[in-house]
Number of protein chains: 2
Amino acid sequence: MTDNADGALNAPLNTLYPVLTALPAAASLRLQQHAQVVSVPAGAVVFDELQACQGFPFVLSGSLRVVKAAPNGRELPLYRVTPGETCIISSACLLGHAPYNARGIAETETRLLLLPNADFQALLGEAAFRDFIFQLFSERIADLMQLIEEVAFRKLDQRLAALLLGKGQRLHVTHQQLADELGSVREIVSRLLKGFAEQGLVALSREQVDILNPAGLRRVASN
Amino acid sequence: MTDNADGALNAPLNTLYPVLTALPAAASLRLQQHAQVVSVPAGAVVFDELQACQGFPFVLSGSLRVVKAAPNGRELPLYRVTPGETCIISSACLLGHAPYNARGIAETETRLLLLPNADFQALLGEAAFRDFIFQLFSERIADLMQLIEEVAFRKLDQRLAALLLGKGQRLHVTHQQLADELGSVREIVSRLLKGFAEQGLVALSREQVDILNPAGLRRVASN
DNA sequence: AGGCGTCTGTAACCTTGGTTACACAGCCTG
DNA sequence: CAGGCTGTGTAACCAAGGTTACAGACGCCT
């Protein structure tokens, strides 16, 4: 399941994370020697709440879904990490020497390059890499603020309408998947979708939602 | 209301933000020349949603309350910035060249040292300062994760119980202030407090809450 | 065709928390 | 002392969303 990163790795890694091409030779060598490629199957929990952060993950393929887990088993998605991005929570935990406060799940079969703590800290000594992390930090912060706004102030119909928009005219998705995305339950999503359909905003069929009236949905999303 | 930072400023600033003592002379000079001291009265809005971020604030005295404002006028407190701390949202907005996505309010009469954008970016060139910001970033992230957990999953009685704990045995506070802290309304807090009182967890009087049974409150907070 | 698993529809009911609308108490001040 | 302000108590009502419990639909596999 795991093996040392070798030379053959560099091409895709550097393509996905261009900032790494600017590294001095010593840092680059260290990365090659200490980073490990890990393959995890879809659905695997890569890290979890209260767990110590073992290393910094670069996503080579697939994607991570980072969620906050409720005591009752429900999950609120916080953000996703796709190839070329980084996980703000991992950075924060490594920098603050704190345990994880969220759960990371492989959405599909996913290949990660895991960089041990010490080597991550060393990499931060490189200005280019540090700026790269900083940049992603600030983007994620904005996302999290948006999320706080949504869960604290928005009603579910607004959030659902917003979720449906901007993914094309026809969505192939189950009600359960939409509910998961909102941190809600299937019945409520069905109820709301039925309401949308009655208003002529969408048309429903099995595992499919057709957007009939995007403007109307936008109105619902932001009323 | 504002005046240029002069030599007399350095002592308190350096005491509050020890990282600044390590700056090279050039950076230190730049700070002195470009930073402005601003005094704002209690309740003043220092920055607000969608507003461009004008500069990076160091808090010299007083404190900032950073909140997310709901369309209906209610506010959810995100965190506070006290002297010696920094505002993660300001950093994120400056780094990401994005507008503010929250509101900052002076809790009391507050003195700020405002560092213009360009000078903040320049300061980030100093490793010590960058690490300082990074460290606070990660602490705040943990706070925000905690907040998301609370608003998404915790019931109000749990949050209220948690809020009452750890502030000593006798709190001098109005129900309205507690409600504001939770992003809720006075009536609900009164109702919940009455419940707590009936269970013998607290005793109520005007502008005062006495904690009678901390263990019981902890149980409520985490059931 | 028969049977199973997944997805959807839907109704009844419940809990939480917010809204509205008062009453009253304590206190300060003219 | 009167009048006003702030803080508290409380009840009736309401809306949102979650829970429980089914029924039926669709597709697939044997």
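If only residues of region A:174-223 that are under 22 Å from residue A:68 (Cα atoms) and more than 10 Å from DNA strand D (Cβ to nearest atom) are counted, the one that is nearest to the chain's Cα centre (by Cα) is A:181. For region A:117-145, the candidate set comprises residues that are facing another protein chain (nearest Cβ under 7 Å) and farther than 16 Å from residue B:138 by Cβ; within that set, the residue that is surrounded by the most Cβ atoms within 10 Å (Cβ to Cβ) is A:145. Every condition in (1) within 13 Å of DNA strand C (Cβ to nearest atom); (2) surrounded by 19 or more Cβ atoms within 10 Å (Cβ to Cβ) holds for residue A:148 except the one numbered (1). In region A:183-223, of all residues being touching a His at 6+ places or on another chain (Cβ under 7 Å) and not charged (D, E, K, R), the one that is nearest to DNA strand C (Cβ to nearest atom) corresponds to A:190. Return the residue satisfying two criteria in turn: it lies in region A:94-116 and is polar (S, T, N, Q) and buried (at least 18 other Cβ atoms within 10 Å of the Cβ), and of such residues it is farthest from the other protein chains (Cβ to nearest Cβ). Looking at residues that are polar (S, T, N, Q) and buried (at least 18 other Cβ atoms within 10 Å of the Cβ), I get A:110.
Is it fair to say residue A:27 is assigned to a loop (DSSP other than H, G, I, E, B), modelled with pLDDT under 95 and more than 13 Å from chain B (Cβ to nearest Cβ)? Before you say what the answer is, go through the steps one by one.
Details: assigned to a loop (DSSP other than H, G, I, E, B): no; modelled with pLDDT under 95: yes; more than 13 Å from chain B (Cβ to nearest Cβ): yes.
So residue A:27 fails the test.
Screening residue B:136 against (1) within 12 Å of DNA strand C (Cβ to nearest atom); (2) under 16 Å from residue B:80 (Cβ atoms); (3) not basic (Lys, Arg) leaves a single unmet condition, (1). Residues in region A:63-88 that are out of contact with any Lys or Arg (no Cβ under 7 Å at 6 or more places or on another chain), facing chain B (nearest Cβ under 9 Å) and at pLDDT 95 or above: A:68 only.
Being more than 10 Å from DNA strand D (Cβ to nearest atom), without any contact (Cβ under 8 Å) to a residue 24 or more places away in the chain, among the hydrophobic types (A, V, I, L, M, F, W, C) and within 30 Å of residue A:77 (Cβ to Cβ) is a description that does not apply to residue B:141.
Residues of region B:171-195 that are touching a Lys or Arg at 6+ places or on another chain (Cβ under 8 Å) and closer than 18 Å to residue B:212 by Cβ: B:175 alone.
The values are calculated or read from the model by the stated rules, or taken from the named source; none is laboratory data. For clarity, every value in this text was computed on a predicted model and none was experimentally measured. Ideal geometry is used to build each Cβ from the backbone, glycine not excepted, and the neighbour counts take in all protein chains shown.
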